[in-house]
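The values are calculated or read from the model by the stated rules, or taken from the named source; none is laboratory data. Remember, it's a predicted structure, so these values are computed and weren't measured experimentally. Every residue, glycine among them, receives a Cβ derived from its backbone with ideal geometry; neighbour counts consider all protein chains shown.
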Amino acid sequence: MVFAADTLSIATMEFVDNAVMAVIPGAMEAGPVNAVFWISMMVALTAAFFAAYTVNRYLLQRGRGHAPTHGYHGAAAAAGLRRFLPTFTTATLVAAIAAFMLGGLVVASAAEIGDAGQTAPAHESR
């Protein structure tokens, strides 16, 4: 049941993400050193998050999705390699993703500003 719910949630997120990217002019052709790419990615991932959140909320309200596994959330500590993986709060993950996206936007914007300065005709020496 959890596998089916995750599949529905991920499929919803991917569909919305790709649809938004396809609608924004130039987003599909933009590379990672292009501000359009990063702005489009921010808009697409935000829209996809809210779409997947809505699907997950709908499933949880009906006892589907991860709801049946909630009884295991207070279980014993993780064993094996899982105990070495850190757990992060949602706010920490959102902050890390936002910082990554904004960092990409800053680098892309700096590259475009640098390219704009180089398009001016160079002074020729005689």
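For a quick check of your reading of the model, give me the residue pairs whose first member lies in region 11-30 and is at positive phi, whose second is part of a loop (DSSP other than H, G, I, E, B) and at pLDDT below 90, with beta-carbon atoms closer than 9 Å and at least 6 apart or on different chains.
G26/N34
This table checks each residue for (1) closer than 21 Å to A35 by Cα; (2) assigned to a loop (DSSP other than H, G, I, E, B); (3) at pLDDT below 85.
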{"position": "L105", "(1), (2), (3)": "yes, no, no"}
{"position": "A110", "(1), (2), (3)": "yes, no, no"}
{"position": "G117", "(1), (2), (3)": "yes, no, yes"}
{"position": "P121", "(1), (2), (3)": "no, yes, yes"}
{"position": "E124", "(1), (2), (3)": "no, yes, yes"}
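Table: residues versus (1) at pLDDT below 90; (2) small (G, A, S); (3) surrounded by 10 or more Cβ atoms within 10 Å (Cβ to Cβ).
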site	(1), (2), (3)
D6	yes, no, yes
E14	no, no, yes
N18	no, no, yes
V33	yes, no, yes
G71	yes, yes, no
A77	yes, yes, no
